[in-house]
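*Asks:* I am attaching a structure below and will ask some questions about it afterwards.
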Amino acid sequence: MSPKALDGVRILDLSRILAAPFATQQLADLGADVIKVEQPGRGDDAREYGPPFLGDRADTGMAAFFLSCNRNKRSVTLDFTTARGQQIVYDLLEHCDVVVENFRPGVLDKYGLGWEEVHNRFPHVVMCSVTGFGQDGPYRARPGYDGIFQAVSGMMSVSGIPDGQPGASPMKSGLSLVDLLTGLYATSAILAGLRHRDRTGEGQYLDVSLLDCGIASMSHYVENYLVSGTVPERRGNGGFGGIPSQAFTCSDDRMIFLVASSNAQFGRACGALGRPELVQDPRFDSIAARIGHRTELLEILEEIFRTKPAAHWLIELEAVDVPVGPVNNIAEALSDPHVRSRDLQMTMQHAQEGPIPGLRYPIKMSGTPVKEYAAPPLLGADQDAVLGGLLGYDADKIAALAADGVI
C-alpha cells in the first residue's frame with residue numbers, strides 16, 4: 001500500500017448530491033477514511049440521477065452522476081431523526097476528525113447534531129456545512145441548485161451570445177460549475193481546518209455557501225467591475241483580456257481557440273495567418289489598440305480562418321509557438337494523444353458490476369501518489385465493518401437497529 005497524504009484522517013459525510021460529496025471524494029482520494037451516511041432504503045438522491053445507470057439498470061442505485069463523486073468511500077445507512085440514530089452519529093464522531101453536511105441551516109440543530117452540540121461534545125472535530133446561501137442573511141432558508149447560483153451570482157450574465165447578435169442572452173454553463181467550484185473551496189477549507197486543529201487541538205466551523213463561492217470564482221470579472229464601475233458584457237466565445245482570445249470557425253466548420261494577446265504572440269500569429277502587415281496597422285499595433293478595436297480585428301480574423309480547415313491552422317500556429325487548440329467534444333478530449341499520455345482515465349472494480357470506468361484524481365504527487373480507487377459503494381455496504389468493526393457493536397445490536405429501521 002502506498003503512503004497517502006491523509007492517512008489517519010476520518011470524515012463523517014452526511015452530504016448528498018454533488019458539491020459536498022465532490023469535496024469528500026477528493027479527501028477520500030487523498031487517503032481519508034470517508035464514511036458516507038445515507039438515508040435507509042433510498043440513500044443519496046444522486047443514486048437516482050440517471051440514466052445512465054451502471055449496468056443499464058436503475059435498480060443498481062448507481063447512476064453515473066453518483067459514480068462521479070462517491071468513490072473511495074464507505075456507506076452506512078442511518079436515520080438520525082431518531083434518538084438511537086443520533087447516538088450512532090455521536091459514537092461515530094468519537095472516531096472522526098471532520099463532519100461534512102449540506103442540509104439547510106438549522107436542520108441538524110433539531111436533531112442535536114448542529115455545530116454547538118457537536119463542538120461541545122467533540123471539540124476536536126472540524127465541521128463543514130455546505131449550503132446554498134450560507135448560515136445567515138435574508139436568503140439563508142431558501143433551497144437552491146447549481147443553475148440558481150449561476151444565475152444569482154452574475155455568472156450567467158457574462159456567458160452567452162453577445163447583445164445585438166442572433167440568439168443573444170445570458171447562458172448557464174453546461175457543467176454544474178458552482179457545485180464543483182464550491183467542492184474545491186470546501187476541500188481547501190477542510191484541510192486548513194485540520195491544520196489549525198492539529199496545531200491547537202481545536203476544531204472549527206466552516207460556513208460554505210454556493211452563492212459566495214460562485215461570486216468569488218468570478219475573480220477578475222468582479223475586480224474589473226469594482227475598479228471601473230462598468231458591468232462586464234457577454235462576449236460569447238471571446239475572452240476578457242487581450243485580443244485575440246477567441247474561438248474561430250474554420251472552413252470545415254470545426255472550431256479552434258486562439259490566444260495571441262501579447263505583442264509577440266500577435267506578431268507570430270499574423271505571420272502564420274499570412275497577414276504580417278496587421279502588426280503595423282495602428283489599430284492593432286499594441287495590446288491597448290487591439291482591445292480598443294476588438295470588433296474590427298475579430299472580423300478580419302474570422303474571414304481569414306474561414307479560408308482553411310482547422311487542422312491547417314492548428315499546424316501553422318503551433319509551429320510558431322502561438323497558443324491554440326481545437327474545440328473538442330468529450331470523446332475527442334479523452335482520445336487526444338496528450339490526454340491519453342497523462343493517464344487521466346482509470347478503472348475501478350465493482351463487486352457486483354465488474355469494472356467501472358472513471359477519471360482519476362488529477363494531481364500527480366511525488367511523495368503520496370493517489371493510486372488506489374475503490375468503486376462507489378452499494379447502499380449500506382459497509383454497515384457491519386463500520387458499526388461492528390469501528391464502533392464495536394455486536395451482531396445482536398446491529399440486527400435490532402436494522403429491525404427497527406434505525407439503520
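*Asks:* Could you give each residue of the range 337-354 its phi-based ³J(HN,Hα) in whole Hz, using Karplus coefficients 6.51, -1.76, 1.60 with θ = phi - 60°, and x for Gly or Pro?
*Replies:* Computed from phi, the couplings for the range 337-354 are x, 5, 4, 4, 5, 8, 6, 6, 8, 9, 10, 10, 9, 9, 4, 9, 9, x Hz.
*Asks:* In whole percent, what relative contact order does the range 86-166 give with Cα contacts below 8 Å and a gap of six or more residues? Numbers along the way, then the final one.
*Replies:* On the way: 65 pairs, mean separation 21.8, N = 81.
Averaging sequence separation for qualifying contacts and normalising by length gives 27 percent for the range 86-166.
*Asks:* At a 1.4 Å probe radius, carbon and sulfur cover how many percent of the accessible area of the chain?
*Replies:* Values: 10690 of 19900 Å².
Accessible surface attributable to carbon and sulfur in the chain totals 54 percent.
*Asks:* Among the lysines, select those whose C-alpha is under 27 Å from the C-alpha of residue 397, and discard any that sit fewer than 8 residues away in the same chain.
*Replies:* 36, 73, 110
*Asks:* Further question on the same structure: What does the net charge come to around residue 122 if you take all other residues with beta carbon closer than 13 Å to its beta carbon, with K and R at +1 and D and E at -1?
*Replies:* Details: positive: 10, 121, 197; negative: 91, 94, 97, 116, 117, 202.
Here the count lands on -3.
*Asks:* Antiparallel DSSP bridges in the range 1-99: what percent, to the nearest 5?
*Replies:* Working: 1 of 12 bridges.
Antiparallel bridges make up about 10 percent of those DSSP assigns within the range 1-99.
*Asks:* For the chain, what proportion of DSSP beta bridges, expressed in % and rounded to the nearest 5, is antiparallel?
*Replies:* On the way: 16 of 37 bridges.
Around 45 percent antiparallel, to the nearest 5.
*Asks:* What net charge is computed for the residues neighbouring residue 332, neighbours being all others with C-beta under 12 Å from the C-beta of residue 332, Lys and Arg scored +1, Asp and Glu -1? Display every interim value, and only then the final one.
*Replies:* Working: positive: 254, 340; negative: 336.
Neighbourhood net charge equals +1.
*Asks:* Please work out the average accessible area per residue across the chain, using the 1.4 Å probe convention, and give it in Å².
*Replies:* Working: 19900 Å² over 407 residues.
It amounts to 49 Å² per residue over the chain.
*Asks:* Count charges around residue 139 for me, please; just the other residues with Cβ under 13 Å from its Cβ, Lys/Arg as +1, Asp/Glu as -1. The partial results should precede the final answer.
*Replies:* Working: positive: 104, 140, 142; negative: 136, 212.
Net of charged neighbours comes to +1.
*Asks:* I would also like to ask the following. Given the rule -39500 (n - 2.57) for each run of at least 4 DSSP H residues, summed and divided by the residues of the chain, what is its mean residue ellipticity at 222 nm, to the nearest 500 deg cm²/dmol? Don't skip to the answer; put the middle values down first.
*Replies:* Working: 15 runs with 138 residues, N = 407.
Here the helix-only value at 222 nm equals -9500 deg cm²/dmol.
*Asks:* If you compute Cα extents along the principal axes in Å for the structure shown, which of [x] 57, 52, 37; [y] 84, 48, 42; [z] 76, 52, 48 do you land on?
*Replies:* The calculated read-out lines up with [y].
The values are calculated or read from the model by the stated rules, or taken from the named source; none is laboratory data. This structure is a prediction, so every number in the text was calculated from the model and none was measured. Because the Cβ atoms are built from the backbone with ideal geometry, glycine has one as well, and the counts that use them run over all protein chains shown. With ligands, DNA and RNA removed, areas are computed over all heavy atoms of the protein, side chains included. Shrake-Rupley method; radii C 1.70, N 1.55, O 1.52, S 1.80 Å.
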